[in-house]
Amino acid sequence: MITILNIGMNHETAPVKIRECLAAEPDNNKKALIFMRETDCIKESVFLSTCNRIEILCTTDDPSMAKKAILELMSKLGRLPVKDFISNLYTYNDMEAVYHFFSVASSLDSMIIGEPQILGQIKKAYAEATTNKSSGVILNRLMHQTFHVAKKVRTETGICESAVSISYAAVELAKKIFNTLEGKKVLFIGAGEMAELAARHLMKQGINSIRIANRTFNNALKLAALFDGNAILFEEIDSQLSEVDIVLTSTASPQYIIT
């Protein structure tokens, strides 16, 4: 008998240092899907990894063996012994797994309720699963139903009416501190999705100057070009701190950026 199994961790069950270990490598998603595709007891799989959660959704005819294999996978991806993260995991079977995944996609399980990024991240995870031929009849149907439920929740409720992302919340906090953001100068440390979202919000508030620092300078250049900003070298961060009004940092660094 086939079981739908969901094993994961989120911002409520696991500290940042554990989640970051499992999401550290950019090709971990592909590695995970290939591993599960080649594991006999796992029939279908989808792997979702974001800054706030890890979700492994699969079908299996042997749940106990599948869970053992998934724990081995997570240990390899994070380079951590299982004992270091097993207490941070949750496990759901069948309808509980379906209900949980619906909640995740509808952003009911997010750090900020109603944030829109998670649905796009799930769609990307599903696309990767289909590309790597790890999804099948059951998960295909489940994922399409997940998208339908998430759209229905957003359409029929007021869940998206307030601040709906961490980036937006950061901008709202800055507005409370300065009253107006017109003419202010901002330094972004990190050039990822969070920085881009925050930059879009800030531009609407009349920000005068955007500066972007990133360890990979080309990524800073690309993001700066989108907002007519300036890319700076990572080594210049210290000298820039006294020149700007607001600093927003979002990186995958395991060490402190500003001491």
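Read-outs: derived from the displayed coordinates by stated rules, not from any lab. These numbers were taken from a predicted model, which means no experiment stands behind them. Cβ: placed from backbone, ideal geometry, glycine included. Neighbour counts: every protein chain shown.
Once you have the Cα-Cα distance between Thr13 and Leu241, take 0.36 nm times their residue separation minus that, and quote the gain in nm to one decimal.
Gain on extension, Thr13 to Leu241, equals 78.7 nm.
Could you tell me the convex hull volume per residue, in Å³, taken over the Cα atoms of the stretch 1-108?
90
Between Ser209 and Glu72, with labels modelled 7 Å along Cα→Cβ, what's the label distance in nm to one decimal, could you check?
Result: 5.6 nm between the two label points.
Over 27 Å between C-alpha atoms is what I'm after, so list which of Lys123/Lys184; Lys76/Lys124; Lys43/Lys124 land there.
Beyond 27 Å: Lys123/Lys184.
Using only the alpha-carbon atoms of the chain as identical scatterers, what base-10 log of I(q)/I(0) does the Debye formula give at q = 0.09, 0.12, 0.14 Å⁻¹?
Once normalised to I(0) and log-transformed, intensities are -0.47, -0.79, -1.00.
Under a cut-off of 13 Å between alpha-carbon atoms, report the aspartates and glutamates in cross-link reach of Lys68, not counting same-chain residues fewer than 8 places apart.
Asp40
As an exercise, use a Förster radius of 30 Å and the Cβ-Cβ distance of Lys185 and Thr131 to find the FRET efficiency, rounded to the nearest 0.05.
With R0 = 30 Å, the Cβ-Cβ based efficiency is 0.10.
Provide the descending list of Cα extents for the stretch 137-259 along its principal axes, expressed in whole angstroms.
That works out to 54, 35, 28 Å along the principal axes.
Using the number of other C-beta atoms within 10 angstrom as an exposure proxy, rank Tyr126, Tyr256, Tyr92, Tyr99 with the fewest first.
Starting with the residue having the fewest Cβ neighbours, the order is Tyr256, Tyr99, Tyr92, Tyr126.
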